[in-house]
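In what follows, a single structure is set out as structure tokens and then discussed.
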């Protein structure tokens, strides 16, 4: 079924409401007042409704008119978004951007960047994947990502320094390791270490893995919960620790050395200098998000 009312006519109704009358609407849309009046009458005639009722010398929206106004606003805004997206696509803006980030990358930074990207291009689809260790490398090598945040730069790719993540060796406040004044790595060997599994097929290991007992989990939230329950110790990114040190739930292990570590993350475009406009824009938003103050992050 073809639409009886055109976008121009809906815009006329919206303008009459927003501008406070037919004369102001005509000026705002650069049309004659009679054209605006005809457009509104066309809506009422074709749909068999009354959008406005006269109160004295002023036209006021009826209840039906209020509904039409709200829906017309949505319709016109959606049409504008579609046109804007079509223009972007005609200029080389990709319809889909795939971004893969090491799970070390703070979630709130990525969500801030994606939010900014969505405001610029709401109809562009985003495919976001969080990976661990070699999983990020494989996303690049298999051409499964356009924008990547990773601790390593695989051969053949170029990366830009993005941020430094600080890790702290922690355990629950009542864990036996936190009942000692000082610790060595030899002391850690007798207690359970919680680590996160490599999401890639290479199953790489990273960090100190000298504990005789070890639990390997697939997600940082599981590790965090295990540490808070006193089930082991781990080196955790400060962004994951949050306020747990301040509340006393967790304590930094009293290691004589090696209680903190740092990992540098890089921003990588899979297509390098040939990266698309949308991928470049998202990468820039990631950079801007990281530049904001963030616990455990050094730019």
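General remarks:
- Residues located in region 220-263, provided they are farther than 24 Å from residue 190 by Cα, exposed (fewer than 15 other Cβ atoms within 10 Å of the Cβ) and in contact with a strand residue (DSSP E or B) (Cβ under 8 Å, 6 or more places away or on another chain): 262
- Flag if residue 268 is modelled with pLDDT of 85 or more, part of a strand (DSSP E or B), under 15 Å from residue 110 (Cβ atoms) and not assigned by TED's automatic domain parsing to the domain that holds residue 241: yes
- Qualifying positions in region 230-242 - part of a strand (DSSP E or B) and under 18 Å from residue 291 (Cα atoms): 237
- Qualifying position, being exposed (fewer than 12 other Cβ atoms within 10 Å of the Cβ), free of Cβ contacts under 8 Å to residues at least 60 places away in the same chain and not assigned by TED's automatic domain parsing to the domain that holds residue 219, among 77, 127: 77
- For region 84-101, the set of residues classified as surrounded by 15 or more Cβ atoms within 10 Å (Cβ to Cβ), modelled with pLDDT of 85 or more and in a loop (DSSP other than H, G, I, E, B) consists of 94 only.
- Applying the criterion of being out of contact with any helix residue (DSSP H, G or I) (no Cβ under 9 Å at 6 or more places or on another chain) and in a loop (DSSP other than H, G, I, E, B) to the residues of region 243-255, the residue that is farthest from residue 86 (Cα to Cα) is 248.
- Taken over region 256-265, residues that are in a strand (DSSP E or B) and either more than 30 Å from residue 280 (Cβ to Cβ) or more than 30 Å from the chain's Cα centre (by Cα) (or both) amount to 2.
- Among the residues here, residue 17 qualifies as under 30 Å from residue 123 (Cβ atoms), touching a strand residue (DSSP E or B) at 6+ places or on another chain (Cβ under 8 Å) and in a helix (DSSP H, G or I).
- Selection within region 33-47 - out of contact with any helix residue (DSSP H, G or I) (no Cβ under 6 Å at 6 or more places or on another chain) and farther than 16 Å from residue 6 by Cα: 34
- Taken residue by residue, region 115-123 has at least one member that is touching a strand residue (DSSP E or B) at 6+ places or on another chain (Cβ under 8 Å) and in the same structural domain as residue 284 (by TED's automatic domain parsing).
- Checklist (1) without any contact (Cβ under 8 Å) to a residue 12 or more places away in the chain; (2) part of a helix (DSSP H, G or I) applied to residue 3, failing item: (2)
- Close contacts from region 214-229, counting a first residue that is over 19 Å from residue 250 (Cα atoms) and a second that is part of a helix (DSSP H, G or I), with Cβ to Cβ under 9 Å and a gap of 6+ residues or different chains, come to 217/223; 217/226.
The values are calculated or read from the model by the stated rules, or taken from the named source; none is laboratory data. Source: prediction; values computed, not measured. Don't worry about glycine lacking a Cβ; one is built from the backbone with ideal geometry, like all the others, and counts go over all protein chains shown.
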